[in-house]
Amino acid sequence: MTARSRARLALVFGLLAGCRIVPAPQRETTNVPDPAGTHVVLLGTGTPNADPDRMGPAVAIVTGGRAYLVDAGPGVVRRAALAARRGVDALLAARLDIVFLTHLHSDHTLGLPDLIFTPWTLERTRPLQIFGPPGTRTMTEHLLAAYDADIRNRIDGLEPANETGWHAQAIEIEPGVVYQDSLVRVTAFAVHHGAWAQSFAYRFETADRTIVVSGDAAPSESIVEACNGCDVLVHEVYSDAGFGRRPADWQRYHADAHTSARELAAIAARARPALLVLYHQLFWGTSETDLVREVSEHYAGRVVSGRDLGIY
């Protein structure tokens, strides 16, 4: 070995010695799921921040050829259409006919008129069922009234629109089992989210998997109880490092309404999910690797930083 080669090796090893090597975050798969099983499809992992790579919060539980949505953030129908193009037929627009709202923040509901009307124009004939907290019925009634001119034009004009698919049935719920069919049992349970009087998370039980979706939530004991060794826990999170750079008024809000990486690690350690999926991530200048590391420093289980169209 030449002196120059020895010098280069010494430089490399010196640089490595000064580096902290951290594990890369596990990535989602975009493989088409087995239609016989139950899968989580992330249609949107975003927040109120206008990130063009992340649509508004929306999660699909797909089982037995049917999709059950949680929340309807901006872009929900187009993200579902892209998932359908990639082979998840349950997310074809005409099949989107049920959604469970966690709460009524705009970033979780701005896609609701899209979910009511776009699948109708694409030949859905069934009314959309909307389950959610108090206020869901009023919101739905106002949306239908706001688009009355569109409805009348499509039905009374030359467009061959059906007369049923635009209807929306709003069901205001309380904690407990809120829906059940031959494929799934859905239980709503209360979580704390800032000033909202009622905000829900959901537990989905199918023949082969149990999945819990937090919605927006501060650390909540109910999440631990509902998961209790579940297959997948989809939970919101914010970066501890990023939080430290936020203004004091925003720190007060986020500490009351959301869950930090360290807090989520403590929840997951007790909830024991087979897979923890991060969504609604508030990075505030940190990376996905940083955020996964913040959780993994205090939690030894499997952690994935979710991205739009990830399948689990």
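The values are calculated or read from the model by the stated rules, or taken from the named source; none is laboratory data. All of these numbers come straight from a predicted model, not from anything done at the bench. Cβ atoms come from the backbone with ideal geometry, glycine included; neighbour counts cover every protein chain shown. Surface accessibility is based on the protein's heavy atoms, side chains included, excluding ligands, DNA and RNA. Shrake-Rupley method; radii C 1.70, N 1.55, O 1.52, S 1.80 Å.
Comparison of 256, 290 shows that the only residue that is open to solvent by 20 Å² or more (accessible area, probe 1.4 Å), charged (D, E, K, R) and touching a Gly at 6+ places or on another chain (Cβ under 7 Å) is 256. Please find, within the range 157-190, the residue that is surrounded by the most Cβ atoms within 10 Å (Cβ to Cβ) out of those that are among the acidic types (Asp, Glu) and touching a residue at least 12 places away in the same chain (Cβ under 8 Å). Among residues in the range 157-190 that are among the acidic types (Asp, Glu) and touching a residue at least 12 places away in the same chain (Cβ under 8 Å), the one surrounded by the most Cβ atoms within 10 Å (Cβ to Cβ) is 172.
Residues in the range 118-129 that are buried (at least 21 other Cβ atoms within 10 Å of the Cβ) and touching a strand residue (DSSP E or B) at 6+ places or on another chain (Cβ under 7 Å): 128 only.
Of 307, 246, all but one fail to be open to solvent by 30 Å² or more (accessible area, probe 1.4 Å), in a loop (DSSP other than H, G, I, E, B) and within 30 Å of residue 84 (Cα to Cα); the exception is 307. Among the residues of this structure, residue 154 does not count as one that is basic (Lys, Arg), in a strand (DSSP E or B) and either in contact (Cβ under 8 Å) with a residue 60 or more places away in the chain or open to solvent by less than 70 Å² (accessible area, probe 1.4 Å) (or both). Can residue 208 be described as among the charged types (D, E, K, R), closer than 24 Å to residue 90 by Cα, at pLDDT 95 or above and within 17 Å of the chain's Cα centre (by Cα)? When the stated conditions are applied, residue 208 does not pass them.
When the range 264-287 is filtered for residues that are part of a helix (DSSP H, G or I) and buried (at least 19 other Cβ atoms within 10 Å of the Cβ), the ones remaining, listed by number, are 264, 265, 267, 268, 271. Residue 115 - would you say it is touching a strand residue (DSSP E or B) at 6+ places or on another chain (Cβ under 9 Å), surrounded by 22 or more Cβ atoms within 10 Å (Cβ to Cβ) and part of a helix (DSSP H, G or I)? Yes, satisfied.
Restricted to the range 88-111, and to residues there that are among the small types (Gly, Ala, Ser) and open to solvent by less than 30 Å² (accessible area, probe 1.4 Å), the residue that is nearest to residue 72 (Cα to Cα) is 111.
If you go through the range 70-90 and keep only what is under 15 Å from the mean Cα position of the chain (by Cα), closer than 18 Å to residue 112 by Cα and of a type in the set (A, V, I, L, M, F, W, C), you end up with 70, 72, 76, 77, 80. Contact map, the range 78-93: first residue among the basic types (Lys, Arg), second residue surrounded by 18 or more Cβ atoms within 10 Å (Cβ to Cβ) and not in a helix (DSSP H, G or I), Cβ cut-off under 7 Å, separation 6 or more or different chains; pairs are 79/43; 79/44; 79/55; 79/58; 79/308; 79/309.
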